[in-house]
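Have a look at the structure below before the remarks.
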Amino acid sequence: MGDFAMNNTNLSRYEQRVKQAFQAHKESGGPTYILGIETSCDETSASVVRDGREVLSNVIASQADIHKRFGGVVPEVASRRHVENITLTIEEALRDADKKLEDIHAIAVTYGPGLVGALLVGVAAAKAISLARGIPLIGVHHIAGHIYANRLVEEMDFPLIALVVSGGHTELVWMKGHGQFEILGETRDDAAGEAYDKVARALNLPYPGGPHIDRLALEGEPNVPLPRSWLEPNSYDFSFSGLKSAVLNTLHNAAQRGETIQPANLAASFQDSVTEVLVEKTLRAVREFGAKQVLLAGGVAANRGLRERLQARCQQEGVPLVIPPLSLCTDNAAMIAAAGFIRYEKGEFAGLNLNGVPGLSLSEHE
Amino acid sequence: MRVLAIDTSNLVLSVAVVEEERVLAEMTTNQQKNHSVHMMDCVSELLDATNTSPEELSGIGVANGPGSYTGVRIGVASAKSIAWSLGLPIIGVSSLQTIAMNALGFPGLIVPLFDARRGQVYSGCFKAQDMQVAHVHEKERIILLQEWLPLLRDQASGEPILFLGEDVRMHRQTIEQVLGEQARFATPAFNHPRAAHIGYLAMRQLQESGNVHELVPEYLQLAEAEAKWMAQKQEGSVKE
Ligand SMILES: [Zn+2]
């Protein structure tokens with residue numbers, strides 16, 4: 001039984017416990033350990049991060065092998081695996097970090113965007129542990145997580161521009177300060193990663209196609225003419241479906257004429273078109289908003305073509321670029337814990353009615 | 001000993017705190033609202049109402065299916081996370097058996113069912129013995145109702161058959177066509193699963209709790225993509 005003297009009696013016992021735990025920890029001034037949980041797609045992940053900067057553990061139970069046979073992530077299958085893996089993954093993250101639940105100051109969980117059935121497993125687990133142990137609960141936006149993966153590598157320097165590219169996202173985000181996200185542009189159709197997968201399928205490359213195109217592109221020459229989709233002159237939005245169609249048409253027309261196109265050259269040309277648009281729009285935003293730093297985030301940050309081009313252009317413009325290591329670019333819970341730390345410091349906790357929101361927008365999140 | 005019990009496997013949401021000989025509190029709603037939003041607040045309220053701190057619990061019981069895939073997952077993921085974080089034993093109880101417990105005094109066959117679309121139902125066949133219900137017709141299954149009803153008639157050998165569950169209404173005509181007077185239907189309150197039954201059953205099996213991590217839903221069928229893939233594999237048209 002707790003001591004309720006200092007509390008509003010309208011609060012539930014859970015809310016009182018959370019409030020007391022937060023106040024006590026603030027007064028102690030000690031380091032903050034956050035348990036992150038991420039289940040928005042096909043990776044079950046849990047992590048312990050210290051003060052939003054230092055990864056103590058980052059366990060990722062990948063389902064990639066299971067979904068490979070279906071040629072893409074099957075939501076129902078992913079959700080089932082999450083339930084099987086969830087507590088085991090969390091236990092492993094604590095063990096790897098040499099921490100116990102009583103050492104944890106908050107639980108940060110991805111609550112959107114993502115596959116709804118998959119999100120719900122992580123959210124349910126996070127709420128359950130929060131209630132059972134009286135640990136504050138924090139809802140984190142998946143893209144905020146990807147961006148904050150950078151903070152696990154280098155301190156952020158505001159204002160900054162973040163380019164987020166993954167299987168499900170292509171977004172250009174401007175940040176004036178911690179936790180302040182403004183979307184400058186996003187994809188109007190396919191995400192960049194999606195376009196990679198579709199082009200890879202057309203070239204008969206295995207799923208997921210991104211890494212295969214990247215590898216192939218390095219062996220080829222970008223000599224197949226393909227369009228650049230700049231959209232309106234002032235727009236920071238992206239569009240990749242026209243490019244994808246152009247690739248398919250090129251293959252189709254060549255086949256009809258009985259010609260063969262070198263897959264490596266086509267991959268190089270496709271990659272050239274994608275990265276040119278991504279990089280030039282990013283640099284235009286850097287100039288317009290006077291950014292002091294560029295962050296690359298999301299699974300496609302592993303793409304060598306994109307990394308090298310962005311590196312070269314940022315160097316030219318004299319703006320520092322941060323790219324997290326591969327393990328922090330793909331979906332993981334360390335980035336969720338890192339983003340959650342910002343909300344922890346402000347005491348922005350979620351209630352036990354936190355829900356999975358598949359279409360959550362970054363601005364709603366604030 | 002106090003056990004927390006949860007059922008979110010279908011449209012009804014039910015949560016209870018039970019002791020060996022008493023139900024301390026139970027909350028059941030049939031509002032078909034988002035279980036993900038409401039369930040944990042219900043648990044928190046019930047713990048407060050019974051003056052129970054989570055650390056005072058001795059075990060967790062949860063309906064682990066069959067039912068709505070998402071509903072079952074919310075229940076199981078929440079329950080196993082509570083159990084794991086407090087180091088408690090956990091018992092998964094069949095969602096069908098939970099409803100069958102409503103009819104403990106019934107002299108014939110007790111048949112709970114949930115609609116499973118395309119003419120199919122999730123169902124089982126129980127009998128009341130010594131204030132428990134036990135399966136009398138093999139395992140719980142997903143089956144076409146049209147195939148299930150004749151099987152039940154054979155099993156019953158003239159005894160009445162009581163159908164239970166919120167989805168019985170939509171199949172009542174079909175059931176009456178096949179079984180006529182032999183089919184019985186319950187008053188509304190008997191069609192809701194009650195978490196207090198889950199708590200009762202779990203309380204008596206806590207020593208048999210396995211590894212918390214290994215508790216998983218009983219969906220009674222593969223995900224559609226998996227079923228297709230398995231079929232193709234059997235035909236030899238795909239390789240692993
Ligand atoms: Zn992601």
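The values are calculated or read from the model by the stated rules, or taken from the named source; none is laboratory data. Note that the coordinates shown come from a computational prediction; the quantities given were computed from them, not determined experimentally. FYI the Cβ positions are ideal-geometry reconstructions off the backbone, even for glycines, and counts take in every protein chain you see. For accessibility, only protein heavy atoms count, side chains too; no ligands or nucleic acids. Shrake-Rupley method; radii C 1.70, N 1.55, O 1.52, S 1.80 Å.
Shielding value for B:37-45 is 6, the average number of Cβ atoms from other chains within 10 Å of each residue's Cβ. Contact residues in segment A:24-73 by the 40 Å² criterion (accessible area, 1.4 Å probe, full protein complex versus chain alone): A:Arg69, A:Phe70. Centre-to-centre separation between the Cα atoms of segment A:112-182 and those of segment A:36-71: 13 Å.
Accessible area per residue for segment B:96-191 is 49 Å², calculated with a 1.4 Å probe on protein heavy atoms, without ligands, DNA or RNA. In order along segment A:12-23, phi translates into HN-Hα couplings of 5, 4, 4, 5, 5, 4, 4, 4, 5, 4, 5, 4 Hz, rounded to whole numbers, per the Karplus curve 6.51 cos²θ - 1.76 cosθ + 1.60 with θ = phi - 60° and x for Gly and Pro. With an 8 Å Cα cut-off and a minimum separation of 6 or more residues, compute the relative contact order for chain B in percent. With pairs under 8 Å counted, the relative contact order is 23 percent. For segment B:96-191, the alpha carbon positions stretch 36, 26, 25 Å along the principal axes, listed from largest to smallest.
In plain terms, if you count all Cα to Cα distances in segment B:170-240 and split them into 10 Å steps from zero, the share in each step is 13, 20, 23, 29, 15, 1 percent. A Förster radius of 25 Å, combined with the Cβ-Cβ distance separating A:Asp103 from B:Asn211, puts the computed FRET efficiency at roughly 0.60.
Against chain A, whose longest principal axis is taken from its Cα atoms, helix A:304-317 shows a tilt of about 90°. Note on chain B: Cα-Cα pairs beyond 33 Å make up 21% of the total pair count. Take every pair of alpha-carbon atoms less than 8 Å apart whose residues are at least six positions apart; their mean separation over the length of segment B:96-191 yields a relative contact order of 30 percent.
Using the Karplus relation 6.51 cos²θ - 1.76 cosθ + 1.60 with θ = phi - 60°, the per-residue 3J(HN,Hα) values for segment A:323-330 come to 10, x, x, 3, 4, 9, 7, 6 Hz, with x marking Gly and Pro. With the highest mean first, a sort of the peptides A:272-278, B:60-66 on other beta-carbon atoms found within 10 angstrom per residue produces B:60-66, A:272-278. Expressed as a whole percent, the proportion of Cα-Cα pairs in chain A lying more than 35 Å apart is 27%. Taken along the Cα-to-beta-carbon direction at a fixed 7 Å, the label points for A:Asn253 and A:Gln316 span 2.8 nm.
Net charge dipole, chain B: roughly 520 debye, given to the nearest 20, about the Cα centre with Cβ charges of +1 for Lys and Arg and -1 for Asp and Glu. For A:Gln63, nonlocal amide neighbours, meaning residues 5 or more places apart or on other chains whose placed amide H falls under 5 Å from its own, are A:Thr44. Considering only B:Met203, B:Met170, B:Met27, the mean-square fluctuation computed in a Gaussian network model of chain B, springs between alpha carbons under 10 angstrom, is largest for B:Met170. So if we plug the beta-carbon distance of A:Arg284 and B:Ala231 into 1/(1 + (r/R0)^6) with R0 = 35 Å, what FRET efficiency do we get, rounded to 0.05? Calculated value: 0.10. The modelled label-to-label distance for the pair B:Leu222/A:Asn353, using points 7 Å beyond Cα in the direction of Cβ, is 4.1 nm.
Using a 1.4 Å probe and counting only protein heavy atoms, how much accessible surface gets buried when A and B come together, both sides summed, in Å² to the nearest 100? Numbers along the way, then the final one.
Values: alone 15850 and 12340 Å², together 24900 Å².
Using a 1.4 Å probe on protein heavy atoms, the buried area is about 3300 Å².
What is the percent carbon and sulfur in the accessible area of the protein assembly as shown, measuring with a 1.4 Å probe over the protein chains and ignoring ligands? Let's see the in-between values first.
Values: 11920 of 24900 Å².
Here carbon and sulfur together make up 48 percent of the probe-accessible area.
Its DSSP H runs of at least 4 residues, each contributing -39,500 (n - 2.57), put the calculated 222 nm mean residue ellipticity of the protein assembly as shown at -13000 deg cm²/dmol, to the nearest 500.
With the largest listed first and rounded to whole Å, the semi-axes of the equivalent ellipsoid of segment A:1-140 from the Cα gyration tensor are 31, 17, 11. Take every pair of alpha-carbon atoms less than 8 Å apart whose residues are at least six positions apart; their mean separation over the length of chain A yields a relative contact order of 24 percent.
Per-residue mean of foreign Cβ neighbours for A:74-82 is 4 (Cβ atoms of other chains, 10 Å radius). Remark on B:Ala186: its backbone amide H falls under 5 Å from those of B:Phe163, a criterion applied only to residues 5 or more positions apart or on other chains, H modelled at 1.01 Å from N.
Rolling a 1.4 angstrom probe over the protein heavy atoms, how many square angstrom per residue are accessible across chain A? It would help to have the intermediate numbers written out before the result.
Values: 14200 Å² over 366 residues.
With all protein chains present, chain A gives 39 Å² per residue.
Converting phi to 3J(HN,Hα) with the Karplus coefficients 6.51, -1.76 and 1.60 and the offset θ = phi - 60°, segment B:102-114 yields 5, 10, 3, x, 6, x, x, 7, 10, 10, x, 8, 10 Hz in sequence order, with x at every glycine or proline.
Highest GNM mean-square fluctuation among B:Leu57, B:Leu109, B:Leu222, for chain B modelled with Cα contacts below 10 Å: B:Leu222.
Remark: mean inter-chain Cβ contacts per residue of B:208-217 equal 3, using a 10 Å Cβ-Cβ cutoff to other protein chain atoms.
Summing Cβ point charges (Lys, Arg +1; Asp, Glu -1) relative to the Cα centre of the protein assembly as shown gives a dipole of roughly 500 debye.
Peptide packing for B:123-135, A:31-43, B:171-183 was compared via the average number of neighbouring C-beta atoms within 10 Å per residue; ordered from the highest value, the list is A:31-43, B:123-135, B:171-183. For chain A, modelled as a GNM whose springs connect Cα atoms under 10 angstrom apart, the maximal fluctuation among A:Arg69, A:Arg80, A:Arg17 occurs at A:Arg69. Between the beta carbons of B:Thr29 and A:Arg215, assuming R0 = 41 Å, the FRET efficiency works out to 0.15 to the nearest 0.05. If the chain linking B:Met170 and B:Gln146 were pulled fully straight, counting 0.36 nm for each residue of separation and taking away their Cα-Cα distance, it would gain 7.3 nm.
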